[in-house]
1. Which residues, taken from the range 11-28, are among the hydrophobic types (A, V, I, L, M, F, W, C), more than 12 Å from the chain's Cα centre (by Cα) and either farther than 14 Å from Arg83 by Cα or not in a strand (DSSP E or B) (or both)?
2. Got a sec? Which of Val61, Val40 is among the aliphatic types (A, V, I, L, M), closer than 17 Å to Met13 by Cβ and modelled with pLDDT of 90 or more?
3. Quick one: what pairs do we get from the range 13-36, first residue within 12 Å of Ala60 (Cα to Cα) and free of Cβ contacts under 8 Å to residues at least 12 places away in the same chain, second open to solvent by 50 Å² or more (accessible area, probe 1.4 Å) and assigned to a helix (DSSP H, G or I), C-beta under 8 Å, 6+ apart or different chains?
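The values are calculated or read from the model by the stated rules, or taken from the named source; none is laboratory data. Keep in mind the model is a prediction, meaning the values are calculated, not measured. Cβ sites come from the backbone with ideal geometry, for glycine too, and all protein chains shown count toward neighbours. Remember, those area values only see protein heavy atoms, side chains included, never the ligands or the DNA or RNA. Shrake-Rupley method; radii C 1.70, N 1.55, O 1.52, S 1.80 Å.
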Amino acid sequence: GSRPPIKLPRSTMIGDLKLTALKGRLSAKGVKTEFAGEGVLLCRSSKADDDELMMDSIVAVRKKADGRVELEGSVTEVYYTVRQTIRELHALVAA
């Protein structure tokens, strides 16, 4: 037989992400950032030319009204840099 599904404990990130703080940290790490509307920060590699905007290298960070943060984009070096920087701006409580 099969086993019943088990819910795994989840870690919790504590803190309120400020997109302006994230923008500053990412700029210091060499990631180009720009705001695209309220609650959305677009991030891309500084290696990409301004004329050649590579859509697959863009990562969007969205801050929802309930405080959740969503990261959307292709899994590239920029994605991992953005994700790690978001983690650095929060306290992590392991489950």
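1. Of the residues in the range 11-28, the ones among the hydrophobic types (A, V, I, L, M, F, W, C) are 13-14, 17, 19, 21-22, 26, 28.
Applying the additional criterion that residues be more than 12 Å from the chain's Cα centre (by Cα) yields 13-14, 21, 28.
Once the filter is applied, which keeps residues that are among the hydrophobic types (A, V, I, L, M, F, W, C), more than 12 Å from the chain's Cα centre (by Cα) and either farther than 14 Å from Arg83 by Cα or not in a strand (DSSP E or B) (or both), the range 11-28 yields Ile14, Ala21, Ala28.
2. On the way: Val40 fails: closer than 17 Å to Met13 by Cβ.
Criteria check complete, one pass: Val61.
3. Once the first residue is within 12 Å of Ala60 (Cα to Cα) and free of Cβ contacts under 8 Å to residues at least 12 places away in the same chain and sits in the range 13-36, its partners that are open to solvent by 50 Å² or more (accessible area, probe 1.4 Å) and assigned to a helix (DSSP H, G or I) give Thr33/Lys23; Thr33/Ser27.
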